[in-house]
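K.L.:
Structure in structure tokens, see below.
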Amino acid sequence: MNAANDVVAVLAQQAIPAPAIDGVAVAPLLVVLGGACISVLIEAFLPRHQRWPVQVTWAGLVIVAALVALAGYALGSPQPLVTLGESLSVDNPTLFLWGTLLLLAIPSLLMIADRSVEPGGAFIPSAAERAASRVGAAGGGGGTGGSSEHVDRSYGLPGQAPTMQTEMFPFVLFALGGMMAFVAANDLLTMFIALEVLSLPLYLMCGLARRRRLLSQEAAVKYFLLGAFGSAFFLYGLALLYGYSGSVRLSEISAATAGSTRSDTLLFAGLALLLVGLLFKGSVAPFHTWTPDVYQGAPTPVTAFMAACTKVAAFGAIARVLYVAFGSTRWEWRGVLWAVAVLSMAVGAVLGLTQTDVKRMIAYSSIAHAGFLLLGTMAITQEGTSGTLFYLLAYGFTTIAVFGLISLVRDADGEASHLSQWAGLAKRSPVVAGTMTFLLLALAGLPLTSGFTAKFAVFSAALSDGMAPLVVIALVASAVAAFFYLRVIVLMYFSEPAADGPTVVVPGAFTTAAITLGVLVTLLLGILPTPALEWAGGGAFSG
């Protein structure tokens with residue numbers, strides 16, 4: 001008995017102390033992840049016919065509650081801190097990125113929940129539903145599909161409206177929680193876990209389109225396989241950096257780079273592999289090959305969610321890694337990122353000119369914008385941080401509104417996303433054409449839009465940090481990219497519509513609210529950007 005007591009006493013002395021947790025600081029993240037778990041229970045125990053209103057209401061309440069918790073903490077002028085066993089860093093960029101993700105989740109959720117544009121919603125009620133066996137011509141610029149795969153089946157009982165896949169709502173909350181942990185991660189292991197938490201729901205969501213099942217399933221498989229490669233690169237880079245520094249914590253990696261006598265081979269090989277995984281998520285060329293096919297094949301509400309929120313998460317994580325862990329070695333990796341930025345801008349602008357599908361065109365637009373975002377990220381200055389964060393906020397709302405409008409132009413087979421089907425759209429629906437014109441001009445970066453302010457912010461930060469040649473290249477790429485935006489505008493206003501052309505669906509309240517919110521924010525950030533810029537520039541990344 002005495003020996004047993006001695007063992008217990010020794011174990012008590014050597015017990016690992018519980019990690020310090022600032023519950024108020026991480027409350028927004030805990031609310032989202034806790035709400036996602038409860039959403040799974042709702043899906044498991046509620047009858048199917050009751051799930052949709054409960055899931056929509058619950059997901060909305062979770063996002064609003066997280067926003068309230070975030071606002072309550074941010075308004076108290078908090079100091080940067082590291083919490084949850086030093087795995088999360090809550091500083092001003094973290095708070096801004098969390099706010100951006102939660103705000104972008106609102107219109108994304110509204111589009112996902114909408115059942116007016118596509119009766120029963122954009123998602124198939126049974127993920128096991130097979131695509132049509134009869135395969136025909138290629139579908140619109142990428143992927144294979146047949147005419148029969150566009151046909152909607154009758155899901156549910158006869159005489160009832162098609163049911164909706166309500167599993168989408170816990171997927172959205174888990175992906176959102178993973179994104180929030182991703183941008184706040186203070187060590188690479190936490191960042192990798194967050195990467196998987198945000199990625200796995202997105203892989204599933206891409207394959208759940210109600211129509212065009214072959215394209216949707218192809219998109220999901222491509223995204224999963226290439227995403228697995230990206231995660232493997234990230235994990236291999238993590239292992240090399242641990243071998244170099246003896247830690248996965250960003251601040252300790254930074255200390256090792258400043259005072260280590262070890263060979264830099266492990267350091268820069270690890271950083272290169274780590275950045276491959278991060279740049280993959282940000283749709284940065286040459287790690288962009290998944291983007292056009294996934295954007296086209298995924299259900300449009302999921303495409304909007306990915307295009308806006310995943311971009312925020314990826315570049316938030318890239319900025320944190322570069323600022324906190326590798327700021328002292330910036331001159332070694334900066335030249336490589338210069339080449340990556342130039343390649344991304346060139347690929348996005350030039351290949352965007354050749355696209356005949358609107359969704360693929362916006363995909364290449366996002367690749368070009370990823371190159372612009374790298375300018376601000378590479379600056380490693382307060383202006384670079386402010387410009388990058390503001391750009392992510394502005395681009396996210398504009399993109400969600402664009403995809404909301406794309407979902408409204410439809411024919412008998414579903415969405416009419418081929419450019420030829422948009423000819424004369426202004427004659428069929430002046431409101432949709434006018435709104436789309438405004439948003440495309442915002443993506444091109446014209447004044448009085450958020451796109452102009454965002455580009456001006458990142459270009460100014462890059463110019464003041466000695467990257468004038470790169471800014472000139474970015475301006476040329478912006479001018480080239482503007483051509484394919486203008487091509488759509490000219491097609492809508494100066495071409496005659498086909499007699500059997502597509503119709504414009506009158507959206508329901510959810511999609512209308514999502515598009516309206518995106519347009520208003522795009523206009524507001526173009527006219528009055530100062531409050532957002534000041535918040536974005538209120539502090540640096542810390543660890």
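The values are calculated or read from the model by the stated rules, or taken from the named source; none is laboratory data. Treat the numbers as computed from the prediction; the structure is a model and nothing was measured. All Cβ positions, even for glycine, are placed from backbone atoms using ideal geometry, and neighbour counts span all protein chains on display.
K.L.:
Check LEU30 against each of (1) of a type outside the set (Asp, Glu); (2) at pLDDT 90 or above; (3) loosely packed, with under 15 Cβ neighbours inside 10 Å and name the one condition it does not meet.
P.N.:
Answer for LEU30: the failing condition is (3).
K.L.:
Under the condition of being within 25 Å of the chain's Cα centre (by Cα) and polar (S, T, N, Q), which residue from region 31-57 is farthest from GLY178 (Cα to Cα)?
P.N.:
Here the answer is THR57.
K.L.:
Same structure again: Return only the number of the condition from (1) assigned to a helix (DSSP H, G or I); (2) surrounded by 24 or more Cβ atoms within 10 Å (Cβ to Cβ) that TRP338 does not satisfy.
P.N.:
(2) is the only condition that TRP338 fails.
Conditions (1) within 25 Å of the chain's Cα centre (by Cα); (2) small (Gly, Ala, Ser); (3) closer than 30 Å to PRO53 by Cα; (4) at pLDDT below 60, marked per residue:
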residue: VAL68; (1), (2), (3), (4): yes, no, yes, no
residue: ALA71; (1), (2), (3), (4): yes, yes, yes, no
residue: LEU104; (1), (2), (3), (4): yes, no, yes, no
residue: ILE112; (1), (2), (3), (4): yes, no, yes, no
residue: GLU118; (1), (2), (3), (4): yes, no, yes, no
residue: GLU129; (1), (2), (3), (4): no, no, yes, no
residue: GLU149; (1), (2), (3), (4): no, no, yes, yes
residue: ARG153; (1), (2), (3), (4): no, no, yes, yes
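K.L.:
I'm trying to understand the selection: among the residues of region 195-223, which are in a helix (DSSP H, G or I), of a type outside the set (A, V, I, L, M) and over 16 Å from the mean Cα position of the chain (by Cα)?
P.N.:
If the condition is that a residue be in a helix (DSSP H, G or I), of a type outside the set (A, V, I, L, M) and over 16 Å from the mean Cα position of the chain (by Cα), then ARG213, SER216, GLN217, GLU218, LYS222 are the ones that fit.
K.L.:
So which residues in region 420-433 are of a type outside the set (Lys, Arg) and either in contact with a helix residue (DSSP H, G or I) (Cβ under 7 Å, 6 or more places away or on another chain) or over 17 Å from SER407 (Cβ atoms) (or both)?
P.N.:
SER420, TRP422, ALA423, GLY424, LEU425, ALA426, PRO430, VAL432, ALA433, listed by residue number.
K.L.:
Now a separate question. Scan region 455-465 and tell me whether some residue there is touching a residue at least 12 places away in the same chain (Cβ under 8 Å) and acidic (Asp, Glu).
P.N.:
Within region 455-465 (the criterion being touching a residue at least 12 places away in the same chain (Cβ under 8 Å) and acidic (Asp, Glu)), the answer is yes, since at least one residue qualifies.
K.L.:
Of all residues in region 419-434, how many are surrounded by fewer than 18 Cβ atoms within 10 Å (Cβ to Cβ) and under 27 Å from the mean Cα position of the chain (by Cα)?
P.N.:
1
K.L.:
Would you be able to tell me the number of residues in region 263-309 that are part of a helix (DSSP H, G or I), in contact (Cβ under 8 Å) with a residue 60 or more places away in the chain and of a type in the set (S, T, N, Q)?
P.N.:
So the answer is 4.
K.L.:
Additional query: Only one of ALA313, ALA258, ALA319 is of a type in the set (A, V, I, L, M, F, W, C) and surrounded by fewer than 19 Cβ atoms within 10 Å (Cβ to Cβ); which?
P.N.:
The unique qualifying residue is ALA258.
K.L.:
Between a first residue in region 172-184 that is closer than 12 Å to LEU102 by Cα and a second residue that is part of a helix (DSSP H, G or I) and of a type in the set (Ser, Thr, Tyr), which pairs have beta carbons less than 6 Å apart while being 6 or more apart in sequence or on different chains?
P.N.:
LEU173/SER39
K.L.:
With the requirement that a residue be of a type outside the set (Phe, Trp, Tyr), surrounded by fewer than 22 Cβ atoms within 10 Å (Cβ to Cβ) and assigned to a helix (DSSP H, G or I), what does region 444-469 give you?
P.N.:
Residues satisfying the conditions are ALA444, SER460, LEU463, SER464, ALA468, PRO469.
K.L.:
It is to be established whether one or more residues within region 277-290 are within 25 Å of HIS418 (Cα to Cα), of a type in the set (Gly, Ala, Ser) and at pLDDT 90 or above.
P.N.:
No: region 277-290 contains no residue that is within 25 Å of HIS418 (Cα to Cα), of a type in the set (Gly, Ala, Ser) and at pLDDT 90 or above.
K.L.:
Turning to a different aspect of this structure: Any residue at all in region 422-440 that is under 20 Å from ALA346 (Cα atoms) and either of a type in the set (Ser, Thr, Tyr) or assigned to a helix (DSSP H, G or I) (or both)?
P.N.:
Yes, because at least one residue in region 422-440 is under 20 Å from ALA346 (Cα atoms) and either of a type in the set (Ser, Thr, Tyr) or assigned to a helix (DSSP H, G or I) (or both).
K.L.:
Something else: Which of (1) more than 25 Å from ALA514 (Cβ to Cβ); (2) in contact (Cβ under 8 Å) with a residue 40 or more places away in the chain; (3) surrounded by fewer than 24 Cβ atoms within 10 Å (Cβ to Cβ) does ASP357 not meet, given it meets every other one?
P.N.:
ASP357 satisfies every listed condition except (1).
K.L.:
Regarding region 500-517, can at least one residue be identified that is within 22 Å of PHE452 (Cβ to Cβ) and not hydroxyl-bearing (Ser, Thr, Tyr)?
P.N.:
Taking every residue of region 500-517 in turn, at least one turns out to be within 22 Å of PHE452 (Cβ to Cβ) and not hydroxyl-bearing (Ser, Thr, Tyr).
K.L.:
Starting from residues that are farther than 22 Å from LEU102 by Cβ and under 29 Å from the mean Cα position of the chain (by Cα), keep the ones in region 493-525 and report whichever is surrounded by the most Cβ atoms within 10 Å (Cβ to Cβ).
P.N.:
Looking at the filtered set, the residue picked out is PRO507.
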